[in-house]
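Notes for the one structure printed next.
The values are calculated or read from the model by the stated rules, or taken from the named source; none is laboratory data. For clarity, every value in this text was computed on a predicted model and none was experimentally measured. Every residue, glycine among them, receives a Cβ derived from its backbone with ideal geometry; neighbour counts consider all protein chains shown.
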Amino acid sequence: MPKKIKPTTFEAHLGAVVASLIDLTGQTREEVADKIGVSRTTFTRHLRGESGGLLVNELILFCNEYGGSPGEIIDKAVKNNGGIEHTLSSVSVGRGTTNDIDTKRKQNEARAMTTEQIEKMKHAATHDAEMDEDEPH
């Protein structure tokens, strides 16, 4: 049996919770993957938290087939990952983290500002006095 690696991401914790439930069914991961309509290799990657982890539809299909609720499984994964605050600060969202989203939001807010609003901000550099002077010949 391969050595188990301790999950380090929410996606890996979610996969570990589902994997432990699969073990309780007595079925193989390949049998479960077939029942929910996913290739064995893709399902195995998702259980390890790779490729973005389990998809929502995979989790729902798993619960429909074997019982339990997606919410209960997610709650267990969040707990195993160190709680909701840690999970929200580290979970992948699209191609970035929630911190990346906050940064993009701030950039977009700045783009929407008028020059007057920017000039009122502390440390805003919107005027270069040297540009008002002719260069010496």
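Observations, loosely collected:
- Residue within segment 17-31 that is more than 21 Å from GLY82 (Cα to Cα) and within 15 Å of the chain's Cα centre (by Cα) present: no
- Any hit, segment 3-24, residues being part of a helix (DSSP H, G or I), loosely packed, with under 15 Cβ neighbours inside 10 Å, touching a residue at least 12 places away in the same chain (Cβ under 8 Å) and not aromatic (Phe, Trp, Tyr): no
- Residue identified as surrounded by 16 or more Cβ atoms within 10 Å (Cβ to Cβ) and not hydroxyl-bearing (Ser, Thr, Tyr) among GLY82, GLY53, GLY37: GLY53
- Flag for VAL32 being of a type in the set (A, V, I, L, M) and free of Cβ contacts under 8 Å to residues at least 40 places away in the same chain: yes
- Selection status of ALA77, buried (at least 16 other Cβ atoms within 10 Å of the Cβ) and in contact with a helix residue (DSSP H, G or I) (Cβ under 6 Å, 6 or more places away or on another chain): yes
- Qualifying residue in segment 41-49 (condition: within 22 Å of ASN80 (Cβ to Cβ) and assigned to a loop (DSSP other than H, G, I, E, B)): yes
- Of the helices (runs of 4 or more DSSP H) contained entirely in segment 56-137, those carrying at least 1 residues that are modelled with pLDDT of 75 or more, of a type in the set (Gly, Ala, Ser) and under 21 Å from ALA12 (Cβ atoms) fall at 70-80, 84-90.
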